[in-house]
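The values are calculated or read from the model by the stated rules, or taken from the named source; none is laboratory data. Note that the coordinates shown come from a computational prediction; the quantities given were computed from them, not determined experimentally. Cβ coordinates were reconstructed from backbone atoms using ideal geometry, including for glycine residues, and neighbour counts include every protein chain displayed.
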C-alpha cells in the first residue's frame, strides 16, 4: 500500500462491516503476537528503525498536512494548522527523548551492587486513543511501543478512526521501505464498539489508555496491566509579581491552541487581587472577551445540556461558541477566547470544570494563600493530579505549590498546554498522556513515556556481604526517643 492511500476511504469501506467480535480481535492479536516475538529479538538497530519509520510517517510534511486536515474534517475538533504543528513537534520531541536510549538487551550494570539490568518488551500493547488528537496520540504510543520491541494495536475513537487509519497506512508504507512486518502496527476494524475494545484490552499484554475516564476505568478493570490518565482541568495562578503582558500572552496561546483540545489547556486562571485589573486588561488585549452575567448565563445554557458538555461547543472557535449561545454581537468581534468570572466551584458551578473549548474561567484571589485554596477547591471537583500553572512565582512558591496541591506538575511561567507534555525549553519528556498519580486515580504520576512500555529483568550476582550495625541505622531514633 503506497503512502498516499486514503485512510478515510478505508474507513468508509468498513462502515458496512459487521460488528467486530472477540474472534476478530483474537485473530488480530495473534498476528501481532507472532510479529512481536520475532521483532523483539531483532536487536536495537531494528527497533530504532521501526520507531523512526513510524515517526517519519506522521512528520513528513505532506502526510502531516493530510492527517491534520482529515482530523478536523471528520472530528470537527480543533484546527488543522495547530494539529499540523502538534503532530510535528510532539513527534520530534519524542525522537529527541528516545535518541540513543537502549531499550533491549543489557541496559545497565552496577558492579558495586552486582546487578545487571536487561530491557524486555511488554508484548502486544493495546493503545486506546481519543478523538481530540486522532493522529498525534496514536503516533506517540506507536513510536514508544516499537522502540521497546512491542507490537501495538490501536483502538481509536469512532470520530478519529479515519485519521488513525490513514496514519497506519503511512506507517505501513514506511515499514515496506524498511522491510518491517506490518502486523507490528494494527488497528481494530470498524465499527469499533465497547465490546471489541474490551476484548482487545483483555487479550493484550499491556493497555495504555488516553481519552475519556470511562475508557480509563475500563482499562483498569480489564484484568490486563494498564496505564491510564486522569481528567484535565488545569488552573493557573497569576501572582502580583507576574509580568501581566507576558503571562497573558502565554495563557492566551495555551487557551487557544487547537481550540483547547488539550487536557493541558488552562480552564481557569486565579489572579491575585493586586494584579487582577491589569491581568484582565492584558488578557483582553490578547483577544479575550469578558462576558457579563447575562451573557455568562446564555453561554452556560449553550455549553452544558443535562450536565454534559455540548458537542456543538467542544473544541470549536470562540466565535462559533458565541454564536451557539446567541451572542452574535460577541461573535462579530471574532474573539480569540471568551472569559467568565466565577467565585465558586463544584457541580453547581460548571465553569469551574473542564471545558475543552476556548473559554477561560477567571477567579479573583485576595492573596497567594487564597489562590491556593481556590485551586485546591477546583481540583477537589475536577482535575486532581494533573498540573498547575503559575506566573510570577519565586522558587519557594513553586515548591510550595508542589507540596500543597494535588498535582504531578507545576509549570512555571510557561504556556501550559505546550509545556506540560514536554517542550524544547523545559526538561519534561514529550508525551500526550499525563499520569495524574493517585490523586487522579492513576498508578503513575509522570508523563507516559517509553519506560512504561518496558519490562526490566535484573540479574543479581553474589557480592561481599555487608551487614550494617543496628546503631548506625537507628542511633538517631534511639537518641531522640530511646530504646
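The table that follows gives values for the structure above.
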read-out: Any hit, the stretch 374-383, residues being buried (at least 24 other Cβ atoms within 10 Å of the Cβ), at pLDDT 95 or above and more than 10 Å from residue 235 (Cα to Cα); value: no
read-out: Any hit, the stretch 306-319, residues being buried (at least 16 other Cβ atoms within 10 Å of the Cβ), within 25 Å of residue 250 (Cβ to Cβ) and free of Cβ contacts under 8 Å to residues at least 24 places away in the same chain; value: yes
read-out: Within the stretch 198-216, tally of residues that are assigned to a helix (DSSP H, G or I) and within 16 Å of the chain's Cα centre (by Cα); value: 4
read-out: Counted residues, the stretch 194-207 - those being surrounded by fewer than 24 Cβ atoms within 10 Å (Cβ to Cβ) and out of contact with any strand residue (DSSP E or B) (no Cβ under 6 Å at 6 or more places or on another chain); value: 6
read-out: Qualifying residue in the stretch 384-395 (condition: in a strand (DSSP E or B) and over 17 Å from the mean Cα position of the chain (by Cα)); value: yes
read-out: In the stretch 243-290, the residues that are surrounded by fewer than 23 Cβ atoms within 10 Å (Cβ to Cβ), in contact with a helix residue (DSSP H, G or I) (Cβ under 6 Å, 6 or more places away or on another chain) and in a loop (DSSP other than H, G, I, E, B); value: 286
read-out: Selection status of residue 444, exposed (fewer than 13 other Cβ atoms within 10 Å of the Cβ), under 22 Å from the mean Cα position of the chain (by Cα) and either touching a residue at least 40 places away in the same chain (Cβ under 8 Å) or under 24 Å from residue 141 (Cβ atoms) (or both); value: no
read-out: Tabulated pairs, the stretch 452-473, first closer than 25 Å to residue 107 by Cβ, second assigned to a helix (DSSP H, G or I) and at pLDDT 95 or above, C-beta under 8 angstrom, 6+ apart or interchain; value: 452/144; 453/144; 453/145; 453/147
read-out: Unique residue being within 23 Å of residue 386 (Cβ to Cβ), over 18 Å from the mean Cα position of the chain (by Cα) and either without any contact (Cβ under 8 Å) to a residue 24 or more places away in the chain or in the same structural domain as residue 41 (by TED's automatic domain parsing) (or both) when the list is 225, 189, 138, 134; value: 225
read-out: Pair list, Cβ under 9 Å, 6 or more apart: the stretch 98-111 residue assigned by TED's automatic domain parsing to the domain that holds residue 140, other residue in a strand (DSSP E or B) and loosely packed, with under 12 Cβ neighbours inside 10 Å; value: 106/459; 107/456; 108/456
read-out: Test: residue in the stretch 163-176 that is outside any helix (DSSP H, G or I) and assigned by TED's automatic domain parsing to the domain that holds residue 20; value: no
read-out: Test: residue in the stretch 241-250 that is touching a strand residue (DSSP E or B) at 6+ places or on another chain (Cβ under 7 Å), assigned by TED's automatic domain parsing to the domain that holds residue 360 and within 30 Å of residue 398 (Cα to Cα); value: yes
read-out: Residue match in the stretch 330-352 (condition: outside any helix (DSSP H, G or I), in contact with a helix residue (DSSP H, G or I) (Cβ under 7 Å, 6 or more places away or on another chain), outside the structural domain of residue 72 (by TED's automatic domain parsing) and at positive phi); value: yes
read-out: Single match in 454, 432, 418, 428 (criterion: buried (at least 17 other Cβ atoms within 10 Å of the Cβ) and in the same structural domain as residue 123 (by TED's automatic domain parsing)); value: 454
read-out: Looking only at the stretch 156-193, and only at residues there that are at pLDDT below 95 and surrounded by fewer than 24 Cβ atoms within 10 Å (Cβ to Cβ), the one that is nearest to residue 212 (Cα to Cα); value: 157
